[in-house]
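For reference, the structure is listed below as structure tokens.
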Amino acid sequence: MIVELAPGFLTWDEVDPARHAFDSASVEQTVHSLGPARCVPTRPDVPFADPEMSTWSRGEAQSWADAMSYALVQHYGGWTVGWRWSHDEGDFDGGPLGNWCCPRDSITMPEETLAQVEAALLEWREWLEYLAGSFETYPLDPADIEDQRILWERAARKVILQVVNRTGYGSGWHGHCHQVLTWFLNRWGVAPDVAAGLVDEAIGGRFHSWTGPDTVIVDAVAEQLALSLQPADDRTRADAPTQDHLQRWLAIRQSVPWQEIPDSGKDGPVVPLRDGAAEDIRAFDGAIDPARAQGLLSALELLRTDAARGARLDFALLSSWQQHLLGAPQPPRFRTSPAFAKGGRERYRNSLAVHRRSGRW
């Protein structure tokens, strides 16, 4: 039997407390009965900076911790490997636990060490049970996504904040946040590989070590995750049918009853209370890639200047805006083949051909 000791690879089915019985009262007795408990190494009495300490930590101590993980998995199941997932730069980066750090710091005298193993295992189980209860706050159904998107968004936002609080947003905290969001989607029927892809796209590099996400970023990630869900996401990516999202967008635009929108009674354009486009670029794209955000803002400014002077909207004009967005040395050519996004789940046909057929050019 091969045991993967890295907790980041666990799926929700593997850790769901409802699927794995556990008696917290017998943890001490169980841990002491395991083979590694009879041969706990003793930390050498040398300064942490001494090379001997490093050799011991990476060798004997690391091997013992791995052996204990293996023994716990053999007894309880694979869900237990998270007992070493400590805050910050411990055995595994960015975890939710405070009762274990790493072999160098956590392995001391035998009884003290075993007590820390027991405390860390109980803490890990408590966290899993807490998450399971949190996931049940909103009864969600992938088949009813269109009517429940606000619930999915609220639940996702809650999950993010819970992980931020639990990990203290230290080193690598976003890895566990990615995992817990994937668990959350999987709990409510989204296929594991689809869930992981959706979470990766929603986060989009906006979470960083040692930095707690601000409200705007948390809301944006939760909203994007909720909006990206589709009723067919309970299937695997290979099973999901290919859709033309450009054609879908054109159909939705045509369905809007623009003629029924009441006239404000004023001449000229409506003056907005805030520049929503620029704010969205700074908050959303700026958190992912500042250079990309600057390109978007430059393109937006040029677009507005061209609109104010009454420039003719043609491909050359669109290409000039796109040049700023891409930071390209010259205006890019329009594509002549289909484009794909979000790991291939979205397909966009040749934009030139679609627009010509729609009579919009």
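The values are calculated or read from the model by the stated rules, or taken from the named source; none is laboratory data. Quantities reported herein were computed from a predicted structural model and do not represent experimental measurements. As a convention, Cβ positions derive from the backbone with ideal geometry for all residues, glycine included, and neighbour counts pool all protein chains shown. We work out accessible area using only protein heavy atoms, side chains counted, and drop any ligands, DNA or RNA first. Shrake-Rupley method; radii C 1.70, N 1.55, O 1.52, S 1.80 Å.
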Chymotrypsin sites (Phe, Trp or Tyr not before Pro), restricted to the stretch 1-87: which are DSSP loop and have at most 10 other Cβ atoms within 10 Å?
-> 48
Based solely on its DSSP helices, what 222 nm [θ] is calculated for the chain when runs of n ≥ 4 H residues each add -39,500 (n - 2.57) and the sum is averaged over all residues, nearest 500 deg cm²/dmol?
-> -15500 deg cm²/dmol
Note down the magnitude of the dipole of the stretch 25-158 about its Cα centre, charges +1 on Lys and Arg C-beta and -1 on Asp and Glu C-beta and zero elsewhere, to the nearest 20 debye.
-> 140
Against the longest alpha carbon principal axis of the chain, how many degrees, from 0 to 90 and to the nearest 10, is the axis of helix 110-135 turned?
-> 30
What shape does the chain take by its C-alpha gyration tensor, where a ≥ b ≥ c are the square roots of the eigenvalues and a/c under 1.5 counts as rounded, a/b above b/c as prolate, and the rest as oblate?
-> prolate
Accessible surface of residue 305 in the full protein assembly, 1.4 angstrom probe, to the nearest 10 Å²?
-> 80
Cα-based helix-to-principal-axis angle, 290-308 vs the chain, degrees rounded to 10 = 10
Using Cα atoms only, what is the angle between the long axis of helix 215-228 and the major principal axis of the chain, expressed in degrees (0 to 90) to the nearest 10?
-> 80
Is the shape of the stretch 25-182 best called rounded, prolate or oblate, per the rule: a/c under 1.5 gives rounded, else a/b larger than b/c gives prolate, else oblate, with a ≥ b ≥ c the square roots of the Cα gyration tensor eigenvalues?
-> prolate
Length gained if residue 247 through residue 39 is fully extended, taking 0.36 nm per residue and subtracting the Cα-Cα distance, is 68.3 nm
Accessible surface of residue 88 in the full protein assembly, 1.4 angstrom probe, to the nearest 10 Å²?
-> 50
Grab the Cα-Cα distance for residue 261 and residue 313, subtract it from 0.36 nm times how many residues apart they are, and report the gain in nm with one decimal.
-> 16.3 nm
Cα-based shape type of the stretch 126-218, given that a ≥ b ≥ c are square roots of the gyration tensor eigenvalues and the cut on a/c is 1.5 = prolate
Between residue 66 and residue 298, what is the label-to-label distance in nm when each label sits 7 Å out along the Cα-to-Cβ direction?
-> 5.0
Extended-chain gain in nm, criterion 0.36 nm per residue less alpha-carbon gap, residue 138 and residue 108 = 6.4 nm
For 43, 292, give the ranking by accessible area with the largest first, probe 1.4 Å.
-> 292, 43
